[in-house]
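The values are calculated or read from the model by the stated rules, or taken from the named source; none is laboratory data. It should be emphasised that the depicted structure is a prediction, and the values quoted were computed from it without experimental measurement. Cβ atoms come from the backbone with ideal geometry, glycine included; neighbour counts cover every protein chain shown.
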Amino acid sequence: MATSKNIWAQVPSGASSSEILLGIQKLKVLGNILYFGAHPDDENPTFIAYMANERHYKTAYFSLTRGDGGQNAIGTEIRENLGILRTQELLQARRIDGGHQFFSRAIDFGFSKSAEEVFTIWDKEKLLSDAVWVIRKFRPDVIVTRFPPDERAGHGQHIASAILAEEAFEAAGDPERFPEQLKYVKPWKTTRLVWNAGMWWNQRRDEVDEKDARECVRIDLGTFNPLLGKSYGEIAAESRSVHKTQGFGTVGFRGSLTEYFKHVKGEKATDDLFSHINTSWGRVRNSEKVDALVTKAIRSYTCVNPSASVPALLEIKSELEKLPDDSWKAEKLKDLNKVIQEALGLFLSVKSDDCTYTPGEKIRFTIEATNRSPVPVIIKKVLFPFEKKDSITNIKLVNNEKTELSGTAVIPLDTKYSQPYWLEKESSPGLFDVTDQQEIGMAENKPVAEVGFELEINAHKITYAVPVVFQKTDPILGEIYQPISVTPPVYVALDNKVYLFNENKSKKIKVNVKSGMENLSGTLQLKLPDGWHTEPFSVPVNLKAKGDEQNAGFELFPPAYADETEISAVVNVAGNEFSQSLNVISYAHIPTQVSFPKAKAKAVKVEIHKNGQLIGYIKGAGDMVPASLQQIGYEVILLEDQDMTAEKLKRYDAVIVGVKAYNMVERLKIINPILLKYVENGGNLIVQYNSDQGLLMKNFGPYPFTVSSKRVTVEGSEVRFLNKESKALNYPNKITQKDFEGWVQERSLYQPENWSDQYETVISCNDPGCEKLDGGILIAKYGKGNYVYTTMSWFRQLPAGVTGAYRVFSNLISLGR
């Protein structure tokens with residue numbers, strides 16, 4: 001299936017004979033369609049796969065955000081790192097379903113209840129500019145929104161996406177709107193805007209109101225594609241299942257599947273989304289011969305010998321090049337070149353000797369070229385990266401004989417580090433700071449280096465650009481490719497993101513320094529504000545080989561007074577300061593990603609009293625709470641199955657269950673009775689929030705309550721004390737309103753409702769204009785112990801160093817003592 005031109009796939013791969021035929025068929029169709037949503041996983045992959053591979057349209061998904069405000073079902077990455085991870089999941093999904101991918105600059109700041117709230121955080125005009133830019137570049141004939149522009153969308157950011165789509169539909173064709181873009185693109189008038197309505201006005205497609213249904217274009221997306229050997233429901237399941245951070249693994253669907261599309265703006269469709277839109281070569285002047293040649297190539301194609309079609313494809317290329325310059329000409333030439341390479345079985349790869357390089361360093365690489373066809377192919381020129389001159393060659397690629405070349409290139413000293421472009425600058429709460437117009441909309445950075453090939457194929461000149469990648473062999477996964485990166489010469493990392501000082505005592509700070517180059521020497525120190533100091537003041541750094549590491553320790557002394565500040569680690573090398581960490585995100589389902597966050601941490605001097613010391617912890621999704629509790633002196637033990645006995649649990653001052661554990665940890669169905677027995681015998685069990693969707697068991701508390709979808713999304717919303725005498729608000733820390741200041745991203749998620757009278761309610765809060773929710777902390781006496789169910793967003797507050805959250809959580813841990 002097709003790969004988007006703005007997705008830099010790292011694994012060199014060919015295509016099956018049937019996929020090559022599909023690629024030739026797509027040359028016949030000139031139509032674009034853009035699907036518009038708010039987050040990764042909002043897209044309709046069945047629709048994308050159908051439009052791209054059945055109807056042969058160029059199909060793209062525009063996600064406003066990278067999903068950085070969500071939770072993580074497979075690891076501990078949150079916020080920016082989760083955005084990097086979910087970006088790659090979305091790109092992998094597009095590789096499966098054949099779509100293209102775009103993003104805006106919007107930051108996913110978590111759940112919101114209205115578009116009005118969203119646009120207090122998102123700069124609407126800038127996001128409208130992003131949407132207009134993508135429309136003008138992609139030039140869709142049809143735009144499809146995932147959501148309606150009202151409360152039916154269920155999420156403020158969903159509503160905002162539909163509002164932006166409707167406004168961008170009008171603005172993209174107006175030369176008076178965002179005229180600065182016209183240096184690169186022309187205004188574009190999309191023919192129509194529709195809403196993919198089937199799922200959102202009714203949970204069952206087969207019960208859609210007949211009146212509404214009559215007003216809609218209906219499409220059966222359940223078609224089977226014999227060239228791909230799958231239905232579009234099966235392709236969509238593969239695409240959807242790549243969203244592993246969301247736990248969206250699903251099974252394939254076979255059979256009829258009707259989707260509904262309701263008119264919103266533009267010319268109203270009749271029986272098809274592209275009705276009255278010319279998607280043939282008739283939309284390009286003087287293209288009749290190209291059209292006829294493509295038809296001839298499709299009819300004469302032989303699946304057992306794709307290379308027999310290469311002369312016909314080259315004839316198409318000759319005629320296509322004669323046409324006047326046009327966006328369709330440029331686009332179809334790219335597609336045609338790709339099909340020619342696939343029909344030849346032409347394997348081109350450029351492998352580097354390492355995966356990271358510093359500016360000024362030399363890359364050594366190996367080129368492999370193998371023509372797996374009898375069609376004559378000659379390498380005439382090779383253009384090495386960063387150089388202005390060609391390497392003139394005249395190498396004939398003999399059928400199925402591998403040709404290897406070697407080369408070197410020096411990375412220019414002014415080359416930027418391979419930081420994801422949207423993270424290069426500090427962002428606002430709502431938008432990434434991206435000022436380069438050409439970068440807006442891009443899914444990821446362009447490759448660091450490419451090698452250009454000028455080939456002669458049957459006397460026709462054709463060029464290809466191949467990214468330089470690093471290849472390694474994993475004993476389990478086999479051949480793995482990853483992009484190469486340009487990095488700082490040295491990385492420095494603190495051992496924690498937050499350092500909490502509960503007393504005047506110093507704390508040991510561990511710092512790791514890793515060399516990105518050979519023969520590195522310098523000085524390491526911590527940059528501190530007034531009132532804080534370290535011993536020693538600095539540490540010499542001497543690292544001989546690239547990749548060598550040195551660990552250093554500092555005693556960090558807090559001031560005598562309460563304070564909250566930022567500290568950073570810095571290595572001075574020849575008068576230049578470097579404070580970037582090396583952040584590696586590595587999962588089997590995505591290419592390895594690197595970024596370079598600043599080596600900084602929050603340092604807080606605060607008074608926190610606590611009782612109890614030993615905590616047992618059952619991890620949930622993306623859970624960093626255990627490490628946070630260790631910061632204030634708790635000993636935290638991650639519990640395994642063998643620890644789940646009444647005798648072993650009784651030694652713990654508290655047992656804590658992580659976020660969404662009852663959605664994800666299957667063993668809890670067996671373990672839960674043991675945990676309740678622990679409470680009954682005098683234990684203190686704290687259970688953090690779970691989603692109302694996909695609960696493994698409904699009745700996991702000692703007394704009934706129902707998990708709902710209700711939440712408090714405004715982190716600064718008022719918190720009221722329902723029972724001022726509650727131990728949770730008084731011991732061992734006296735809790736005040738100040739303890740709920742400075743919270744980050746959400747107060748509470750999936751609050752319970754309809755709980756038993758056995759539960760004590762402690763606090764109440766609500767979003768502006770919304771109902772009061774009293775279930776943020778529920779406490780019940782059960783037997784000799786205490787059961788706590790709390791939906792406050794501790795999993796965000798504690799890793800962020802929110803001191804009030806530590807004080808309240810310490811009180812919950814101390815309930816049993």
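Couple of notes before you dig in:
- Thr736 meets each of the listed conditions (1) in contact with a helix residue (DSSP H, G or I) (Cβ under 8 Å, 6 or more places away or on another chain); (2) β-branched (Val, Ile, Thr); (3) free of Cβ contacts under 8 Å to residues at least 12 places away in the same chain apart from (1).
- Only one of the numbered conditions (1) closer than 30 Å to Glu549 by Cα; (2) modelled with pLDDT under 90 is violated by Val606, and that is (1).
- Scanning the stretch 529-572 for residues that are under 20 Å from Lys602 (Cβ atoms), in contact (Cβ under 8 Å) with a residue 60 or more places away in the chain and among the hydrophobic types (A, V, I, L, M, F, W, C) yields Trp532, Ile567, Ala569, Val570.
- For the stretch 278-299, residues that are surrounded by fewer than 16 Cβ atoms within 10 Å (Cβ to Cβ) and either not in a helix (DSSP H, G or I) or not hydrophobic (A, V, I, L, M, F, W, C) (or both) total 10.
- Which listed residue, of Lys710, Lys734, is closer than 24 Å to Pro768 by Cβ and of a type in the set (D, E, K, R): Lys710
- In the stretch 606-637, the residues that are part of a helix (DSSP H, G or I) and buried (at least 19 other Cβ atoms within 10 Å of the Cβ): Val625, Ser628, Leu629, Gln631
- The criterion of at least 3 residues that are within 30 Å of Ser538 (Cα to Cα) is met, among strands (runs of 3 or more DSSP E) falling completely within the stretch 459-516, by 490-494, 498-501, 507-515.
- Checked across the stretch 431-453, the condition of being among the aliphatic types (A, V, I, L, M) and farther than 30 Å from Glu180 by Cβ holds for at least one residue.
- Hits in the stretch 76-100 - residues which are at negative phi and more than 12 Å from the chain's Cα centre (by Cα): Thr76, Arg94, Arg95, Ile96, Asp97, Gly99, His100
- In summary, helices (runs of 4 or more DSSP H) completely within the stretch 71-164 and bearing 1 or more residues that are touching a residue at least 12 places away in the same chain (Cβ under 8 Å), within 25 Å of Thr191 (Cβ to Cβ) and of a type in the set (Val, Ile, Thr) occur at 124-138.
- Test result for Asp563, among the acidic types (Asp, Glu) and surrounded by fewer than 17 Cβ atoms within 10 Å (Cβ to Cβ): yes
Okay, residues lined up against (1) within 20 Å of Val466 (Cα to Cα); (2) assigned by TED's automatic domain parsing to the domain that holds Ser373; (3) part of a loop (DSSP other than H, G, I, E, B); (4) under 20 Å from the mean Cα position of the chain (by Cα):
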{"residue": "Ser391", "(1), (2), (3), (4)": "yes, yes, no, no"}
{"residue": "Asn394", "(1), (2), (3), (4)": "yes, yes, no, no"}
{"residue": "Leu405", "(1), (2), (3), (4)": "yes, yes, no, no"}
{"residue": "Trp422", "(1), (2), (3), (4)": "no, no, no, yes"}
{"residue": "Glu426", "(1), (2), (3), (4)": "no, no, yes, yes"}
{"residue": "Asp433", "(1), (2), (3), (4)": "no, no, yes, yes"}
{"residue": "Gln437", "(1), (2), (3), (4)": "no, no, yes, no"}
{"residue": "Ile440", "(1), (2), (3), (4)": "no, no, yes, yes"}
{"residue": "Ala443", "(1), (2), (3), (4)": "yes, no, yes, yes"}
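- Any hit, the stretch 325-348, residues being surrounded by 14 or more Cβ atoms within 10 Å (Cβ to Cβ) and in a strand (DSSP E or B): yes
- The stretch 343-383: number of residues that are among the basic types (Lys, Arg) and over 17 Å from Val410 (Cβ atoms): 4
- Qualifying residues in the stretch 165-199 (those that are among the small types (Gly, Ala, Ser) and outside any helix (DSSP H, G or I)) - the one modelled with the lowest pLDDT: Ala197
- Any hit, the stretch 360-369, residues being closer than 24 Å to Asn305 by Cβ, among the small types (Gly, Ala, Ser), in the same structural domain as Glu401 (by TED's automatic domain parsing) and buried (at least 16 other Cβ atoms within 10 Å of the Cβ): yes
- Tyr750 being closer than 17 Å to Val687 by Cβ, modelled with pLDDT of 95 or more and not aliphatic (A, V, I, L, M): no
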